[in-house]
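To start, the structure under review is shown below, and the notes come after it.
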Amino acid sequence: MDLNSCDSVESPIPSSVRVIPRSRRSVTGYQTFRRQHSIQYESTLERDFIVRQEFDLAVAQVISQPCRIPFTTPSGRQSHYTPDFLVVFKTNSAPPSLQTKPLLIEVKPEADWRRHWREWLGKWKAARRYAESQGWRFRIMDESRIRTQALSNIQFLRRYRDTAFPVEESNAIVQDVRALGSATFDYLLAKHFQGIYAAEGVAHLWGLLAQRRLDCDICLPLGGNTEFWVPDEA
């Protein structure tokens, strides 16, 4: 079975077929993903998409250019289309019908897809049909879905991701939040870091969020009213 081809319907998680071309018109490179491996990208928008997925604890894996899908161009010529990413979500105890379906993703600037949507409609219809045949979904992601408040928050938190904090203090905060069910940033700061330790506490609390020991609604602005809870896997 060829895992690099869309011809097979037996493999729910294919490997990448991406080969990054040299280009003076776009930013290409590799984005690390949870310190486990690197994911290739061909634009800053694709890079930002990967950053968003890395923070999402429900995401298990992001595969760059997972397959090539045959389609017919408006002129009748046979061609192939390669979507940008496949996002695979973690499974849970729910029945298969209630699991989150993988997402086949095309990352495209809004100006581009608006200008070329008639030209690209055929390949996107082919991608949607293929995704449905695999039990996946297909979605086009532009700036309005990627460069949001959530991305701004994640970029802010990344400065704390590699900071080391006292283990006992971290465990005490996490245990406190777990016992309460949830707690605000201001509450935890006042309880665990009083007086001259407040500045250290600010970094510590954002660090626990950045390191995914705590979670919050990342789509809302971060601040004193941010509500933390302990993710299931922490």
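The values are calculated or read from the model by the stated rules, or taken from the named source; none is laboratory data. Remember, predicted model here, so these are calculated numbers, not experimental data. Here Cβ is always computed from backbone atoms with ideal geometry, including for glycine, and neighbour counts include all displayed protein chains.
General remarks:
- Taking the listed residues R178, R147, the one that is touching a helix residue (DSSP H, G or I) at 6+ places or on another chain (Cβ under 9 Å), of a type in the set (D, E, K, R) and closer than 30 Å to G223 by Cβ is R147, with no other qualifying.
- When G122 is tested against (1) touching a strand residue (DSSP E or B) at 6+ places or on another chain (Cβ under 8 Å); (2) closer than 21 Å to S64 by Cα, only condition (2) is not met.
- Some residue of segment 180-199 being assigned to a helix (DSSP H, G or I), of a type in the set (S, T, N, Q) and under 25 Å from D232 (Cβ atoms): no
- Residues of segment 200-234 that are among the hydrophobic types (A, V, I, L, M, F, W, C) and in a loop (DSSP other than H, G, I, E, B): L214, C216, I218, C219, L220, L222, V230, A234.
- Residue that is touching a residue at least 60 places away in the same chain (Cβ under 8 Å) and buried (at least 19 other Cβ atoms within 10 Å of the Cβ), where the choices are F55, F85: F55
- Of all residues in segment 102-117 being assigned to a helix (DSSP H, G or I) and either among the aromatic types (F, W, Y) or in contact (Cβ under 8 Å) with a residue 24 or more places away in the chain (or both), the one that is farthest from T82 (Cα to Cα): E110
Yes/no matrix, rows are residues, columns are (1) assigned by TED's automatic domain parsing to the domain that holds P166; (2) touching a residue at least 60 places away in the same chain (Cβ under 8 Å):
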| residue | (1), (2) |
| --- | --- |
| F193 | yes, no |
| I196 | yes, no |
| A199 | yes, no |
| A210 | yes, no |
| C216 | yes, no |
| C219 | yes, yes |
| E233 | no, yes |
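- Candidates L157, L151, L121 - the one that is among the aliphatic types (A, V, I, L, M) and more than 28 Å from T32 (Cα to Cα): L121
Every residue, every condition in (1) under 17 Å from L57 (Cα atoms); (2) of a type in the set (S, T, Y); (3) exposed (fewer than 13 other Cβ atoms within 10 Å of the Cβ), yes or no:
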residue: E168; (1), (2), (3): no, no, yes
residue: Q175; (1), (2), (3): no, no, yes
residue: S182; (1), (2), (3): no, yes, no
residue: D186; (1), (2), (3): no, no, no
residue: A198; (1), (2), (3): no, no, yes
residue: V202; (1), (2), (3): no, no, no
residue: L208; (1), (2), (3): yes, no, no
residue: Q211; (1), (2), (3): yes, no, no
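- In segment 160-175, the residues that are over 28 Å from the mean Cα position of the chain (by Cα) and in contact (Cβ under 8 Å) with a residue 12 or more places away in the chain: E169, A172
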